[in-house]
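**Q** Dumping the structure here so I can ask a few things about it.
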């Protein structure tokens with residue numbers, strides 16, 4: 001049995017240029033959504049209420065969130081000032097989604113170090129944590 005950690009940084013808001021953001025920080029998103037786009041997989045029509053730009057790191061089988069979070073920080077930390085300017089200019093929000101999938105006897109540690117917390121705080125971001133026992 002193994003544990004998986006998934007991490008996704010998402011920028012979202014009413015309207016912004018997805019390509020401008022990608023060019024500014026020179027990181028390609030793993031997925032994007034447009035406001036008004038139909039969400040697939042539902043019996044009724046549901047439309048997205050905002051647009052978003054997301055970057056995910058592939059799931060990692062580890063017990064230590066910190067080593068996984070450092071992969072994201074290594075990619076985005078040097079872009080923080082540019083990203084913050086873009087967020088402010090376009091009235092956008094940033095959220096970091098953390099998913100812990102626990103299987104077996106050992107559970108992953110969710111340690112948020114100062115480097116990680118400072119990055120999130122500097123961008124006035126939020127953290128959303130989901131934990132699943134599978």
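**Q** Just one of 29, 59 is closer than 17 Å to residue 8 by Cβ and modelled with pLDDT under 90; which is it?
**A** 59
**Q** Given region 1-81, what strands (runs of 3 or more DSSP E) lie entirely inside it while holding 3 or more residues that are under 30 Å from residue 109 (Cα atoms)?
**A** On the way: elements: 4-13, 31-33, 51-60.
Strands (runs of 3 or more DSSP E) meeting the threshold: 4-13, 51-60.
**Q** Can you spot a residue in region 94-110 that is outside any strand (DSSP E or B) and within 14 Å of residue 9 (Cα to Cα)?
**A** no
**Q** Take region 111-134 and flag every residue that is assigned to a loop (DSSP other than H, G, I, E, B) and either more than 15 Å from the chain's Cα centre (by Cα) or closer than 22 Å to residue 61 by Cβ (or both).
**A** Scanning region 111-134 gives 111, 112, 113, 134.
**Q** In contact (Cβ under 8 Å) with a residue 12 or more places away in the chain and loosely packed, with under 15 Cβ neighbours inside 10 Å: which single residue out of 78, 82 fits that description?
**A** Values: 78 fails: in contact (Cβ under 8 Å) with a residue 12 or more places away in the chain.
After applying the criteria, what remains is 82.
**Q** The conditions are (1) exposed (fewer than 12 other Cβ atoms within 10 Å of the Cβ); (2) more than 17 Å from the chain's Cα centre (by Cα), and residue 26 fails exactly one of them. Which is it?
**A** Condition not satisfied by residue 26: (2).
**Q** In region 33-47, is there at least one residue being under 15 Å from the mean Cα position of the chain (by Cα) and at pLDDT 90 or above?
**A** For region 33-47, residues under 15 Å from the mean Cα position of the chain (by Cα) and at pLDDT 90 or above: present.
The values are calculated or read from the model by the stated rules, or taken from the named source; none is laboratory data. Since the structure is predicted, the reported quantities are computational estimates derived from the model, not experimental observations. Because the Cβ atoms are built from the backbone with ideal geometry, glycine has one as well, and the counts that use them run over all protein chains shown.
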